[in-house]
Amino acid sequence: MPKNTNQKLKLLYLQKLLLERTDEQHSLTMEEILAGLRSYGIEAERKSIYDDLEALRLYGIEVERRGRQYAVLDRTFQLPELKLLVDAVQSSKFITHKKSAELIEKVERLASQYEAQALQRQVYVANRIKTMNESIYYNVDTIHNAISAGSQITYQYFEWTPDREKRPRHNGKRYQVSPWALTWDDENYYMIGYDSQAGGIRHYRVDKMLDIRLTGEKRDGQAQFERFDMAVYSKKMFGMFSGEEELVRLQFCNHLAGVVIDRFGADISILRTDSAHFAVTVRAAISPQFFSWLFGFGDEVEILSPASVIVQYQEQLQRVLASYRSNT
C-alpha cells in the first residue's frame, strides 16, 4: 500500500496509544490499535504493527500480549508511586493552587487515562492553605544556578501587610548572601546561606525573596559548610526561627516518648528520671516558637536546665498572662 505522510510517526503514535489506553486492567485489540492509528491519519497493516510492537520491546517498553490483546504493564512509575507524588504536590504549602494543578496534570500523563482518573480523585483530598507567591519556582531555579556556579546572590526580602500587600523589608534593601543549600522544612522552602556581614549561617524563606540576582562573586562560608549538618540544623530550629543556641535538659511524661523521638530523632539519648518521666538533653535555638512547642504539652514537660532558659520561659508566660489580665 502507498505510504502516506504520517507513516514516519506511526511508531510514536502506537507508543502513545499503548501508554494512554492500556494498563494492568485495560488492553487493546489489534482492531482497536488500527482504529486508533486511523484517528491520527495513519493507515497501517497488521504485519507492520507486529514489527512495531517488537521494536517497542527492543526499545524497552514492555508490551505484553494477552491472547489477542496488547497492553503496557511495566512503567517508569507505578500507580501507588504517582499517587504519592500527587499527594506531595497537593499537600505542599509552598506550591500555589495554580501550579499544583499544572504539576498534577503533568503527573497524570505518566499514567494511562484510566489510572489518571484515580489520580484526579486524589486532588480533592483537602482544601489546604497555599502560598500566594507564584515566583517561588523561578526563585528555586535561580538559587540552584547560583549554588552550581558558586556565586553569591543579592535579593530583596518582603513581608505581608494586613492589606495582603508585599512590603520589602528595610525600605527595599538588597541582601547579599552566599547560598549553599535548599531545604523543605515546616511546609516551607528555605535557602541556607552564609551571611558574610553577620558572620554566620542564616536561612531565608524562598517564597519571600524578590528579584534574585547572581553577583558573580565567589561564595563565602565554605569552611562553615564543610562541617554543616542539615539534619542537626533543622532539629534545633523550631518553625525555622533563629535564636541563641543552648543545651536544654527537658523532662517529659513517659507517653510523650514518641513525640520527642519524632522531633529529635531515634538516636536521641533518653534517660528515665522516675517511673513516670524521662529526660533528654537537646540543642535548641531558644525562641518564642520553641517555648510555644513546649507549652503545647502543658504540665507534662518541664525545663530542668539551664536556669537562664527557665527564666526566659517564665517571662514569656508572664507576658502572655499579663496581656489577658489587662483586658479583664
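Only the coordinates and a few stated rules stand behind these numbers; no lab work does. Predicted model only: the values in this text are computed from it and were never measured. Please note: Cβ atoms are built from the backbone with ideal geometry, for glycine as well, and neighbour counts cover all protein chains shown.
Taking a threshold of 19 Å on the Cα-Cα distance, which of the pairs K99/K208; K166/K208; K173/K208; K16/K83; K10/K106; K106/K208 fall above it? Correct reply: K16/K83; K10/K106; K106/K208.
Relative to the longest principal axis of the Cα atoms of the chain, the long axis of helix 46-59 makes an angle of roughly 30 degrees. For the chain, the Cβ-based charge dipole about the Cα centre amounts to some 820 debye (Lys, Arg positive; Asp, Glu negative; other atoms uncharged).
If the reach is capped at under 14 angstrom between alpha carbons, list the aspartates and glutamates near K93, excluding any in the same chain fewer than eight residues apart. Once the sequence-local aspartates and glutamates are set aside, what remains near K93 is E134, D185, D186, E187, D207.
Would you please name the chymotrypsin sites (Phe, Trp or Tyr not before Pro) within segment 61-103 that are DSSP coil residues with at most 16 other C-beta atoms within 10 Å of their C-beta? Those that pass, being in a loop and sparsely packed, are F77. Round to a whole angstrom and tell me the spacing of the C-alpha centers of segment 154-229 and segment 20-60. Each part reduced to its Cα centre gives a spacing of 52 Å. Sorting 252-260, 200-208 by average packing, meaning the other beta carbons within 10 Å per residue, from highest down gives 200-208, 252-260.
Look at the dipole of the chain built from charges on Cβ: of W180, L250, L17, the Cα furthest out on the positive end belongs to L17. Between the labelled values [x] 0.94; [y] 1.13; [z] 0.96, the entry that holds Rg/Rh (Cα atoms, Kirkwood Rh) as derived from this structure is [y].
Quick one: angle between helix 136-149 and the longest Cα principal axis of the chain, in degrees between 0 and 90, rounded to 10, please. Result, in degrees: 80.
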